[in-house]
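Visitor: What follows is a structure written as structure tokens; I'll ask about it next.
The values are calculated or read from the model by the stated rules, or taken from the named source; none is laboratory data. From a predicted model like this one, the values you see are computed outputs, not experimental measurements. Cβ coordinates were reconstructed from backbone atoms using ideal geometry, including for glycine residues, and neighbour counts include every protein chain displayed.
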């Protein structure tokens, strides 16, 4: 999975590079570890933001944080810094021996989406998949359109549809990878 | 639902009153609003912490935050400050005309738990239910034992079981209240 800080949109729909949020790294790494996600890429083209990720991860994986809370260390060890989407797609292809399929997520409803059930099934087909999550106001349209698949948006049981990326990624991983016998 | 800051345990198992985390309020209120939870109680016996909750909520529901982000306002309007569990159980009983059933959540596996499927069914029986979430290292044993039900713990597909309360509450509400046709 990848948490994208570029290209994402701001409140006004303009493409921006967003800032790292410390709790995104912790919460999403813990979800990734819980559901057996192989790698959690945190993607930003900004060098100072990459340095910040390295500092946070290093504190919890090598620094005093790793001794204070070893469970947190295990989670944050899944994090890898990425510069661009292209770079991490290449990284996965090199490691897995085949190109991954990319799966965009978005809170915006759209026609041409793949259902959670269908994607859950696809994840068992032996091909690596990369789930893309947008920070700020979400992935840019171009980023979503360039992906191999666009996952259905989460709807609760109201018309309200404004989850944090932390909450949305937790729900999505549970729907795609959670134990079947626990689910209704 | 209620986010409990007391009685919860710290890393060493001692019962403490934990501090408010700003992002808990935002993330969980947005999840609550998405899944149609009637009220999101944030419970702490500490007066200064109650004041802090009021200040955060007021910024987003009445202050400049409410104009900057009206969607956030709608979510944070679900928040109500509570002093003790007893007080909010009474508040619900008064408003609903019948005493609620309380449902403790915990990351610790236990024998006598109710499954997600069974609880999902119970939530349709017309009786008010109050879901309890613990901050810090989780609800105290006494608090869990005093609840009417103890919900099964979330397991992903690994042995790792250390989600943030933000992630866990998102997954639990989706399992209990998420649209059936979206789920596998």
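Visitor: Considering only residues that are surrounded by fewer than 19 Cβ atoms within 10 Å (Cβ to Cβ) and closer than 25 Å to residue A:126 by Cα, which ones fall in the stretch A:79-88?
Guide: Answer for the stretch A:79-88, where residues must be surrounded by fewer than 19 Cβ atoms within 10 Å (Cβ to Cβ) and closer than 25 Å to residue A:126 by Cα: A:80, A:81, A:84, A:86, A:87.
Visitor: Among the residues in the stretch B:113-124, are any surrounded by 15 or more Cβ atoms within 10 Å (Cβ to Cβ), away from chain A (no Cβ under 14 Å) and farther than 17 Å from residue B:143 by Cβ?
Guide: Looking for residues that are surrounded by 15 or more Cβ atoms within 10 Å (Cβ to Cβ), away from chain A (no Cβ under 14 Å) and farther than 17 Å from residue B:143 by Cβ, one finds none in the stretch B:113-124, hence no.
Visitor: Tally the residues that are over 20 Å from residue A:130 (Cβ atoms) and within 14 Å of chain B (Cβ to nearest Cβ), restricting the search to the stretch A:1-16.
Guide: Counting residues in the stretch A:1-16 that are over 20 Å from residue A:130 (Cβ atoms) and within 14 Å of chain B (Cβ to nearest Cβ) gives 3.
Visitor: State all residues of the stretch B:51-68 that are out of contact with any helix residue (DSSP H, G or I) (no Cβ under 7 Å at 6 or more places or on another chain) and surrounded by fewer than 17 Cβ atoms within 10 Å (Cβ to Cβ); if no residue qualifies, say none.
Guide: Passing the criteria: B:51, B:54, B:55, B:58, B:62, B:63, B:64, B:67, B:68.
Visitor: Give the stretch A:138-174 a look and list any residue that's closer than 12 Å to residue A:107 by Cβ, part of a helix (DSSP H, G or I) and more than 11 Å from chain B (Cβ to nearest Cβ), or say none.
Guide: Selection gives A:144 alone.
Visitor: Also, quick follow-up: Inspect all residues belonging to the stretch B:151-173 and state whether any of them is buried (at least 17 other Cβ atoms within 10 Å of the Cβ), over 22 Å from residue A:178 (Cα atoms) and touching a strand residue (DSSP E or B) at 6+ places or on another chain (Cβ under 7 Å).
Guide: Checked against the condition, which is being buried (at least 17 other Cβ atoms within 10 Å of the Cβ), over 22 Å from residue A:178 (Cα atoms) and touching a strand residue (DSSP E or B) at 6+ places or on another chain (Cβ under 7 Å), the stretch B:151-173 yields no hits at all.
Visitor: Restricting the search to the stretch A:87-119, which residues are within 19 Å of residue A:40 (Cα to Cα) and more than 16 Å from the chain's Cα centre (by Cα)?
Guide: Step one: of the stretch A:87-119, the residues within 19 Å of residue A:40 (Cα to Cα) are A:87-106, A:119.
Across the stretch A:87-119, the qualifying residues are A:90, A:93, A:94, A:95, A:96, A:97, A:98, A:99.
Visitor: Within the stretch B:17-38, count every residue that is buried (at least 18 other Cβ atoms within 10 Å of the Cβ) and either free of Cβ contacts under 8 Å to residues at least 60 places away in the same chain or more than 9 Å from every other protein chain (Cβ to nearest Cβ) (or both).
Guide: Here the count works out to 10.
Visitor: So is residue A:91 away from chain B (no Cβ under 14 Å), under 27 Å from residue A:53 (Cα atoms) and at pLDDT 95 or above or not? Working first, answer last.
Guide: Working: away from chain B (no Cβ under 14 Å): yes; under 27 Å from residue A:53 (Cα atoms): yes; at pLDDT 95 or above: yes.
The answer is yes for residue A:91.
Visitor: Go through (1) out of contact with any strand residue (DSSP E or B) (no Cβ under 8 Å at 6 or more places or on another chain); (2) under 23 Å from residue B:138 (Cα atoms) and name the single condition residue B:40 misses.
Guide: It is condition (1) that residue B:40 fails.
Visitor: So which of B:102, B:106 is more than 9 Å from every other protein chain (Cβ to nearest Cβ), in a loop (DSSP other than H, G, I, E, B) and surrounded by 19 or more Cβ atoms within 10 Å (Cβ to Cβ)? Before you say what the answer is, go through the steps one by one.
Guide: Values: B:102 fails: in a loop (DSSP other than H, G, I, E, B).
Among B:102, B:106, only B:106 is more than 9 Å from every other protein chain (Cβ to nearest Cβ), in a loop (DSSP other than H, G, I, E, B) and surrounded by 19 or more Cβ atoms within 10 Å (Cβ to Cβ).
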